[in-house]
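Asks: I have a structure I would like to understand better, so I am pasting it below and will then ask my questions one at a time.
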Amino acid sequence: MKPKRIISFLLISILLLSCCGCSATSSGLSMLNRKKITELTQKGETYWAAYQEHQETGEATNVVEYQKPLSYVLQYPKTGCAAVDERIKGIVTDIRNAFDQEFLQANTSENEIKNSKETEATLYLGYEAYLTDNDHMSLVFFETHEADGVLSPHTRIQIFHFDLGEDMEIPAEELMWTDFAKNASAYTQKYFTTTEPYSKGIFGNYATLLAPDGGRFDRFAFTTEGVLFYFDRYDLFPGSYGIVSLTIPYEDMRTKIEVPKADTLLPPEKSNKKMVALTYDDGPNPIATNAILDTLEQYGAKATFFDLGHLVERYPDVVKREAALGCEVGSHSYDHKNFSKLTAAQISADVQKTAAAFQKALGKDPSVFRPPYGACNDNVKKQISMPIYLWSIDTLDWKSRNAKAILDVIKTSGDLDGKVILMHGIYTSSAEATAILVPYLQGQGYELVTVSELIQAKHGEIPANGKIYGYSYFQ
Ligand code: NI
């Protein structure tokens, strides 16, 4: 309603004003708008920056709208999973509507009494998105209001849970195991009363505040480190402490995350050998991929490459070498488009173009597929007549571009048996990590196999076309 009104008002003014030959005012108007938008965008960037460190998945989408009296400075993620993205948009709309209602109602009553001018308010929304190995995304929204130029010190936190593999939301209650709140209560009480600076500031009635049924433990995020809890400003400590967060390691919560899912019921293991599948996306690249292949060749190890059709055309020799070393060579689309945003016809065209590139380089079609961004929906599944492989450990190598950071992710991921590790074949840092990783894993007793080999050996299953082998499968 509001934006339309403003736009039509602007259009009318521009029309009227340009008829009079007086364009200075109209450009002045839009200049003011532009200035306001720039100002809000800058404020947004400062606000969002606080959360960027923990945006582990999805693509940040920014919305900056300047309107009178209410403006919006919003950031939320796009995951590429259709139903999840729809739900996230719905959540953002709910937050907007609640904000509108709060400020418009406040204005009405105030205006009636004092006949004073409207309150101008801005809604700021930022997020953190935590991704765990088994495809669970915890989405944390941080909401702050600014009224008449004053930013409230209070930030509202809401957390939502999603299974990206299954493209669905999961209610928090379903994720809390027996004694979840009891363990969290015991841990936080002990931690905050024995650790500086918390022990100095915690309110005297903390035992009541942190009781298992006090409602403070049903808002949490799952991270790779543990269960993350947020405590609001003034909730347990004086305001100067701000929002306090605490991650409780899973061991201390006593049991592992259990995401209810049909395919967590695995068939009995067919091989007792410890196996890991290394996978490399986005290549081939003559420098980085060849360096990775040098390492694999030296140690007699195998990996799976998910190559892009247009690069297969450009570097066919690298692809041939991947296949010659016994590696699995899969498709990662022609040029990395998000398949969940394409029509069936577009997907089909991409699949054919990619297959032609593989045919030319290898004399055969790719046999397995990994969607760009891991983005998969029913439409994608229907169009892909190959097994669809995701991963269970994301090294975030594209982000760190640092061999040590990549190794740290893997070495701190616990038991790697049956896991599929995601890296990218285009960074020298990933190749450097591989040079250390391959002998390290072999030293730990792991056999390095392709994803298809891993599925057959560990699950006794022949990979099926159009089936998604996702995060929970590779546990
Ligand atoms: Ni990719």
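The values are calculated or read from the model by the stated rules, or taken from the named source; none is laboratory data. Bear in mind that the values here come from a model prediction, so they are computed numbers and not experimental data. When we count neighbours, we look across all protein chains shown, and the Cβ atoms used for this are built from the backbone with ideal geometry, even at glycine.
Asks: Here are some conditions: (1) within 27 Å of the chain's Cα centre (by Cα); (2) in contact (Cβ under 8 Å) with a residue 60 or more places away in the chain. LYS274 meets all but one. Which one does it not meet?
Replies: Of the numbered conditions (1) within 27 Å of the chain's Cα centre (by Cα); (2) in contact (Cβ under 8 Å) with a residue 60 or more places away in the chain, the odd one out for LYS274 is (1).
Asks: Within the bounds of the range 215-236, is there any residue that is modelled with pLDDT of 85 or more, in a loop (DSSP other than H, G, I, E, B), over 25 Å from the mean Cα position of the chain (by Cα) and within 21 Å of MET176 (Cα to Cα)?
Replies: As a first pass, look at the range 215-236 and keep what is modelled with pLDDT of 85 or more: 215-232, 236.
Within this subset, residues satisfying the condition of being in a loop (DSSP other than H, G, I, E, B) are 215-219, 223-225, 232, 236.
Narrowing further to those that are over 25 Å from the mean Cα position of the chain (by Cα): 215, 236.
With within 21 Å of MET176 (Cα to Cα) added as a condition, the list becomes 215.
Scanning the range 215-236 turns up at least one residue that is modelled with pLDDT of 85 or more, in a loop (DSSP other than H, G, I, E, B), over 25 Å from the mean Cα position of the chain (by Cα) and within 21 Å of MET176 (Cα to Cα).
Asks: Go through ALA403, ALA375 for me and flag whichever is within 18 Å of GLU59 (Cβ to Cβ) and small (Gly, Ala, Ser). Before the answer, list the steps.
Replies: On the way: ALA403 fails: within 18 Å of GLU59 (Cβ to Cβ).
None of the other options fit; the residue is ALA375.
Asks: Considering only helices (runs of 4 or more DSSP H) fully contained in the range 358-475, which possess at least 1 residues that are among the β-branched types (Val, Ile, Thr)? Working first, answer last.
Replies: Working: elements: 378-383, 397-400, 403-411, 428-443, 451-459.
In the range 358-475, 378-383, 403-411, 428-443, 451-459 are the helices (runs of 4 or more DSSP H) which contain 1 or more residues that are among the β-branched types (Val, Ile, Thr).
Asks: If I go through the range 195-210 residue by residue, how many of them are buried (at least 16 other Cβ atoms within 10 Å of the Cβ) and part of a loop (DSSP other than H, G, I, E, B)?
Replies: Filtering the range 195-210 down to residues buried (at least 16 other Cβ atoms within 10 Å of the Cβ) leaves 198, 202, 206, 209-210.
After this cut, where a residue has to be part of a loop (DSSP other than H, G, I, E, B) as well, the list is 202, 210.
Qualifying residue count for the region: 2.
Asks: Another question, then. Output the number of residues of the range 340-356 satisfying the condition of being touching an Asp or Glu at 6+ places or on another chain (Cβ under 8 Å) and more than 16 Å from the ligand (Cβ to nearest atom).
Replies: 1
Asks: Restricting to the range 306-328, name every residue that is within 15 Å of the ligand (Cβ to nearest atom) and buried (at least 16 other Cβ atoms within 10 Å of the Cβ). Reasoning before the result, please.
Replies: Of the range 306-328, the ones within 15 Å of the ligand (Cβ to nearest atom) are 306-312.
If the condition is that a residue be within 15 Å of the ligand (Cβ to nearest atom) and buried (at least 16 other Cβ atoms within 10 Å of the Cβ), then PHE306, ASP307, LEU308, GLY309, LEU311, VAL312 are the ones that fit.
Asks: Taking the range 271-305 as the search range and keeping residues that are assigned to a strand (DSSP E or B) and within 16 Å of the ligand (Cβ to nearest atom), which one is farthest from ARG370 (Cα to Cα)?
Replies: Selected residue: LEU278.
Asks: I would also like to ask the following. For the range 395-402, state whether one or more residues are touching a strand residue (DSSP E or B) at 6+ places or on another chain (Cβ under 8 Å) and polar (S, T, N, Q). Talk me through it step by step, then tell me what you get.
Replies: Restricting attention to the range 395-402, the residues satisfying the condition of being touching a strand residue (DSSP E or B) at 6+ places or on another chain (Cβ under 8 Å) are 395, 397-398.
Then drop every residue that is not polar (S, T, N, Q), which leaves 395.
Yes; the residues of the range 395-402 include at least one that is touching a strand residue (DSSP E or B) at 6+ places or on another chain (Cβ under 8 Å) and polar (S, T, N, Q).
Asks: Going residue by residue through the range 395-417, is there one that turns out to be over 22 Å from ALA433 (Cα atoms), touching a Ser or Thr at 6+ places or on another chain (Cβ under 7 Å) and more than 16 Å from the ligand (Cβ to nearest atom)? Please lay out each step first, then the result.
Replies: So the first thing to find is which residues in the range 395-417 are over 22 Å from ALA433 (Cα atoms), and the list is none.
No: the range 395-417 contains no residue that is over 22 Å from ALA433 (Cα atoms), touching a Ser or Thr at 6+ places or on another chain (Cβ under 7 Å) and more than 16 Å from the ligand (Cβ to nearest atom).
Asks: Okay, moving on. When you check PRO77 against the structure, is it touching a helix residue (DSSP H, G or I) at 6+ places or on another chain (Cβ under 9 Å) and either within 26 Å of ALA375 (Cα to Cα) or of a type in the set (A, V, I, L, M) (or both), yes or no? Quick ask: steps written out before the conclusion?
Replies: On the way: touching a helix residue (DSSP H, G or I) at 6+ places or on another chain (Cβ under 9 Å): yes; either within 26 Å of ALA375 (Cα to Cα) or of a type in the set (A, V, I, L, M) (or both): yes.
Yes; evaluated as a whole, the condition is true for this residue.
Asks: Can you confirm whether LYS337 is farther than 21 Å from TYR471 by Cβ, more than 16 Å from the ligand (Cβ to nearest atom) and not in a helix (DSSP H, G or I)?
Replies: Details: farther than 21 Å from TYR471 by Cβ: yes; more than 16 Å from the ligand (Cβ to nearest atom): no; not in a helix (DSSP H, G or I): yes.
Judged against the criteria, LYS337 is not a match.
Asks: Oh, and also: Just name the residue that is farthest from the ligand (Cβ to nearest atom) out of those in the range 418-466 that are β-branched (Val, Ile, Thr) and over 15 Å from PHE305 (Cα atoms). Reasoning before the result, please.
Replies: Looking only at the range 418-466, we keep the residues that are β-branched (Val, Ile, Thr), and these are 420-421, 426, 428, 434, 436, 438, 449-451, 455, 462.
Those still in the list that are over 15 Å from PHE305 (Cα atoms) too: 428, 436, 438, 455, 462.
Values: THR428: 17, ILE436: 23, VAL438: 22, ILE455: 21, ILE462: 26 Å.
Ranking the candidates gives ILE462 first.
Asks: Among the residues that make up the range 367-386, is at least one of them surrounded by 24 or more Cβ atoms within 10 Å (Cβ to Cβ), under 22 Å from GLY470 (Cβ atoms), among the hydroxyl-bearing types (Ser, Thr, Tyr) and within 16 Å of the ligand (Cβ to nearest atom)?
Replies: The answer is no; no qualifying residue exists.
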